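Colleague: Here it is, the structure, as structure tokens.
The values are calculated or read from the model by the stated rules, or taken from the named source; none is laboratory data. Please read all numbers here as calculations on a predicted model, not as lab measurements. All Cβ positions, even for glycine, are placed from backbone atoms using ideal geometry, and neighbour counts span all protein chains on display. In case anyone asks, the SASA skips ligands and DNA or RNA and just uses the protein heavy atoms, side chains included. Shrake-Rupley method; radii C 1.70, N 1.55, O 1.52, S 1.80 Å.
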Amino acid sequence: MLHLSKLTAVTFVFGSLLVGIANAETVLRSSDTHPDGYPTVEAVKYMGELIKQRTNGRYSVEVYHSAQLGEEKDTIEQTQTGVIDLNRVSMGPFNGIVPQTAVPSLPYMFRSVEHMRHVMDGPIGDEILKAFETHDLVGLAFYDSGARSFYNTKKDITSMADMKGMKFRVIQSDVFVDMVNALGANATPMAYGEVYSALQTGVIDGAENNWPSFESAKHFEVAKHYTLDQHQIVPEVLVMSKASWDKLAPEDQAIVRQAAKDSVVKMRELWDAQEKKSRDIVEKAGVKVSEIDKQPLIDAMKPVYEKYLSTPELKDLAARIQATK
Ligand code: GTR
């Protein structure tokens, strides 16, 4: 008897706990490699506010910035397994997972940031977001990342020949590795968080990135030569774990999707302002910016295009991107 009533009591307490959990706010954990205040971090926080308002506080988002949850490659795996709910990452580390992402990551694929925005905001963008779903992820939105250019600790680079034999750190993606090697330099794939000390100790001669990353990661303190070759306009992507997504009711999924889309507008405002601010900071700190003739670099990418546009579908995707005004 005593035994039974204990069991009833336990069942009751456990039951109330479950009700408590169901009513509580669910916090979605989101990862970002960038520091607090960076446009991507602020955009995801903004998305979180929209989600909180629109679900009447049932869901919120906590952004773990500064790679608190790990470096991009590892956090992608954790997002696929559902350990991390949301992740804002460059498209680069997805190149080996979602083949469609290699196409917008190809050097000189986009003519300008405006071209990239038109493509990613339209049906091609939706098609690439959809491609994440067969890899345990849900693609929510694309953010801006300006243009990536090379910088180094050694010298002003004003022609492709100047890059010969130099060691450049790249994102952990074969597209990036092949790009650097096709330029006659040597690629060292490495996690973002290791780049500063690798530059400082001379393990690498340089790296490549946009103005806000070059500035906020403090690489400009050690690499004083920046070449405006603008080889890649690689969008950032915001993904959700399919496991976390499947726990949401359809109406909450719609709220999350819309909030992600709405945050793109905010992100771009922040981005445009940050690009100018960051360039100003690094130039004031003594970074020398060099111009370069881009045509030889563009021509050198032919074998890289051939390698990654390996199927009729990927070729067609590239052709449609290039045909977009
Ligand atoms: C930045 C990008 C990061 C990260 C980094 C890198 O531009 O925003 O997500 O990929 O580049 O080079 O590792």
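Colleague: State the volume of the convex hull built on the alpha-carbon positions of region 103-194, expressed per residue in Å³ and rounded to an integer. Write out the running numbers ahead of the final one.
Modeller: Values: hull volume 11.6 nm³, N = 92.
Looking at region 103-194, the number lands at 127 Å³ per residue.
Colleague: How much length would be gained if the chain were fully extended between E133 and K277, taking 0.36 nm per residue of separation minus their Cα-Cα distance, in nm to one decimal?
Modeller: Numbers: separation 144, 0.36 × 144 = 51.84 nm, distance 3.64 nm.
Length gained between E133 and K277: 48.2 nm.
Colleague: Now for a separate question. If you stretched the chain out fully between D74 and K307, how much longer would it get, using 0.36 nm times the residue separation minus the C-alpha to C-alpha distance?
Modeller: Working: separation 233, 0.36 × 233 = 83.88 nm, distance 2.58 nm.
The D74-K307 span can extend by a further 81.3 nm.
Colleague: Next up: Given H placed 1.01 Å from N in the peptide plane, which residues other than close sequence neighbours of S90 have an amide H under 5 Å from its amide H?
Modeller: V237
Colleague: What does DSSP give for the chain in terms of the percent of beta bridges that are antiparallel, rounded to the nearest 5? If you can, show how the numbers build up before the last one.
Modeller: Details: 19 of 35 bridges.
Bridges in the chain that DSSP calls antiparallel: roughly 55 percent.
Colleague: Which percent of the accessible area of the chain is formed by carbon and sulfur heavy atoms (probe 1.4 angstrom)?
Modeller: Values: 8220 of 14590 Å².
Taking all protein chains in place, the chain shows 56 percent carbon and sulfur surface.
Colleague: Take the alpha carbon gyration tensor of region 84-135, find the square roots of its eigenvalues, order them as a ≥ b ≥ c, and report rounded if a/c is under 1.5; if not, report prolate when a/b exceeds b/c, else oblate.
Modeller: Cα axes put region 84-135 in the prolate bin.
Colleague: Mean Kyte-Doolittle hydropathy of 0.0 or higher plus an axial Cα length of 20 Å or more: which whole DSSP H helices in the chain meet both? Intermediate values should be presented prior to the final figure.
Modeller: On the way: long enough: 2-23 (32 Å, 1.40); 39-54 (22 Å, -0.40); 250-284 (50 Å, -1.05).
Long hydrophobic helices here: 2-23.
Colleague: Once the Cβ-Cβ distance between N181 and N56 is put in as r, and R0 is 41 Å, what FRET efficiency do you end up with, to the nearest 0.05? Walk me through the numbers on the way to the answer.
Modeller: Values: r = 53 Å, r/R0 = 1.29.
My answer for the efficiency is 0.20.
Colleague: Hey, what did region 218-325 get for relative contact order, percent, Cα under 8 Å, at least 6 apart? It would help to have the intermediate numbers written out before the result.
Modeller: Values: 33 pairs, mean separation 53.5, N = 108.
Over region 218-325, the number comes to 50 percent.
Colleague: Kindly provide the pair-distance distribution of the chain built from C-alpha pairs, with 10 Å bins from 0 and whole-percent values in order of increasing distance.
Modeller: For the chain, the binned pair fractions read 6, 25, 32, 21, 8, 4, 3, 1, 0 percent.
Colleague: Return the sequence-ordered ³J(HN,Hα) values of region 83-99 in whole Hz as given by the Karplus equation 6.51 cos²θ - 1.76 cosθ + 1.60 applied to θ = phi - 60°, using x for Gly and Pro.
Modeller: In residue order, the calculated couplings are 6, 10, 7, 10, 8, 10, 9, 5, 5, x, x, 8, 4, x, 9, 10, x Hz.
Colleague: May I pose another question? Which of the residue pairs K45/K247; K130/K164; K45/K130; K45/K224 have a Cα-Cα distance greater than 28 Å in the structure shown?
Modeller: Numbers: K45/K247 21 Å; K130/K164 39 Å; K45/K130 23 Å; K45/K224 33 Å.
Check vs 28 Å cut-off fails for K130/K164; K45/K224.
Colleague: Calculate, for region 119-269, the solvent-accessible area per residue in square angstrom, rolling a 1.4 angstrom probe over the heavy atoms of the protein chains. Intermediate values should be presented prior to the final figure.
Modeller: Numbers: 5210 Å² over 151 residues.
It amounts to 34 Å² per residue over region 119-269.
Colleague: Considering Cα pairs under 8 angstrom that are at least six residues apart, work out the relative contact order of region 101-165 and quote it in whole percent. Please list the in-between numbers first.
Modeller: Working: 23 pairs, mean separation 12.7, N = 65.
Over region 101-165, the number comes to 20 percent.
Colleague: Compute the length gained on full extension between S159 and V289: take 0.36 nm times their separation in residues and subtract their Cα-Cα distance, giving the result in nm to one decimal.
Modeller: Details: separation 130, 0.36 × 130 = 46.80 nm, distance 1.32 nm.
My answer for the length gained is 45.5 nm.
Colleague: Going by the alpha-carbon gyration tensor, a ≥ b ≥ c the square roots of its eigenvalues, is region 231-323 rounded (a/c under 1.5) or, if a/c is not under 1.5, prolate (a/b greater than b/c) versus oblate? Walk me through the intermediate numbers first.
Modeller: Values: a/c = 3.06, a/b = 1.25, b/c = 2.46.
Taking the square roots of the gyration eigenvalues as a ≥ b ≥ c, region 231-323 is oblate.
Colleague: Across the Cα atoms of region 153-255, what radius of gyration and what greatest pairwise Cα-Cα distance (Dmax) are found, in Å?
Modeller: Values for region 153-255 (Cα only, Rg and Dmax): 17.7, 56 Å.
Colleague: Here's something else I'd like to know. Treat each spin label as a single point 7 Å out from the Cα along the C-beta direction, and report the R111 to K325 distance in nm.
Modeller: Rounded to a tenth, the inter-label distance reads 1.1 nm.
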